[in-house]
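The values are calculated or read from the model by the stated rules, or taken from the named source; none is laboratory data. All figures in this text were calculated on a predicted structure; none of them were measured in a lab. With ideal geometry, Cβ positions are generated from the backbone for all residues, glycine too; neighbour counts draw on all protein chains shown.
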Amino acid sequence: MSNLANIAIGLIVVGLLLVRQLQPRPAKETSSIRLVLILGAVGVVEISKAVGSHHLTSASVAWLTVSMIAGAGLGAIRAGTVRIWRAQDGSAWRQGTIFTAALWLVSVAAHFALDAVIDESSRIAVLGTSSILLYLAVTLGVQREIVRRRTAPLSPGGTGKLPSGREATCVPFGCHQGQS
């Protein structure tokens, strides 16, 4: 795929992720793991196509690794900004905040900044941008797993308390953390 196509697809995926993450959603959703797996598989294929018969330098592999580690770190930070609660029916819910959205933008900016370094280190013009879908899979996967672990105490059979020890409650017009 071309540089422009990779960038466009990456931005469309991020836009869809932002819309979904800013809406209240059940925490036991399984669609996000499918999305992570699809993004990861397509990302690996795109990187393979970009590399083709070219030789990857150790510097380009190192910069790709740095990019994925940065994505994982930003996903972990973003996970802490997701609001979680137990609804009155006992189900666990989650919703991204304005900070979640801002950190998604930081994540994309960080990847695009590293794209230039990756492309320069590899002499393969589209290697950096071809890694956007794998990067999104990594950052979303880490965020998803941390949020899943945070919501586990709120799921049926859980303690009803957040890892901080505070109870979570939700009423029809808003949710809040109560005192333990």
Can you find even one residue in segment 132-155 that is small (Gly, Ala, Ser), in a helix (DSSP H, G or I) and modelled with pLDDT of 80 or more?
yes
Restricting segment 85-115 to residues that are touching a Pro at 6+ places or on another chain (Cβ under 9 Å) and among the aliphatic types (A, V, I, L, M), the residue that is nearest to Trp63 (Cα to Cα):
Ala92
What is the one condition in (1) over 21 Å from Ala152 (Cα atoms); (2) surrounded by 17 or more Cβ atoms within 10 Å (Cβ to Cβ); (3) under 17 Å from the mean Cα position of the chain (by Cα); (4) among the polar types (S, T, N, Q) that Ser122 does not satisfy?
(3)
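Within segment 76-104, take every residue that is of a type outside the set (A, V, I, L, M, F, W, C) and assigned to a helix (DSSP H, G or I) and give me the one that is farthest from the chain's Cα centre (by Cα). Walk me through it before giving the result.
As a first pass, look at segment 76-104 and keep what is of a type outside the set (A, V, I, L, M, F, W, C): 78, 80-81, 83, 86, 88-91, 94-97, 100.
Subset that is assigned to a helix (DSSP H, G or I): 78, 100.
Working: Arg78: 8, Thr100: 10 Å.
So the residue we want is Thr100.
Only one residue in Ile38, Ile12 is under 18 Å from Leu103 (Cα atoms) and of a type in the set (Val, Ile, Thr), so which one is that? Full working, then the answer.
Working: Ile38 fails: under 18 Å from Leu103 (Cα atoms).
Just a single option satisfies the conditions, and that option is Ile12.
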What are the pairs with Cβ atoms under 6 angstrom where one residue, in segment 9-30, is touching a residue at least 60 places away in the same chain (Cβ under 8 Å) and closer than 15 Å to Arg144 by Cα and the other, located anywhere, is outside any helix (DSSP H, G or I) and of a type in the set (A, V, I, L, M)? Sequence gap at least six, or different chains.
Ala27/Ala92
Sort out which residues of segment 30-71 are surrounded by 14 or more Cβ atoms within 10 Å (Cβ to Cβ) and not in a helix (DSSP H, G or I), and write them in order of number.
Leu56
Hey, Trp104 surrounded by 22 or more Cβ atoms within 10 Å (Cβ to Cβ), touching a residue at least 60 places away in the same chain (Cβ under 8 Å), within 19 Å of Gly15 (Cα to Cα) and not charged (D, E, K, R) or not
yes
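In this structure, is Leu22 within 17 Å of the chain's Cα centre (by Cα) and more than 20 Å from Asn3 (Cβ to Cβ)? Outline the logic, then answer.
Details: within 17 Å of the chain's Cα centre (by Cα): yes; more than 20 Å from Asn3 (Cβ to Cβ): yes.
Yes; evaluated as a whole, the condition is true for this residue.
Quick one: which residue in Ala125, Ala113, Ala109 is among the small types (Gly, Ala, Ser) and not in a helix (DSSP H, G or I)?
Values: Ala113 fails: not in a helix (DSSP H, G or I); Ala109 fails: not in a helix (DSSP H, G or I).
The unique qualifying residue is Ala125.
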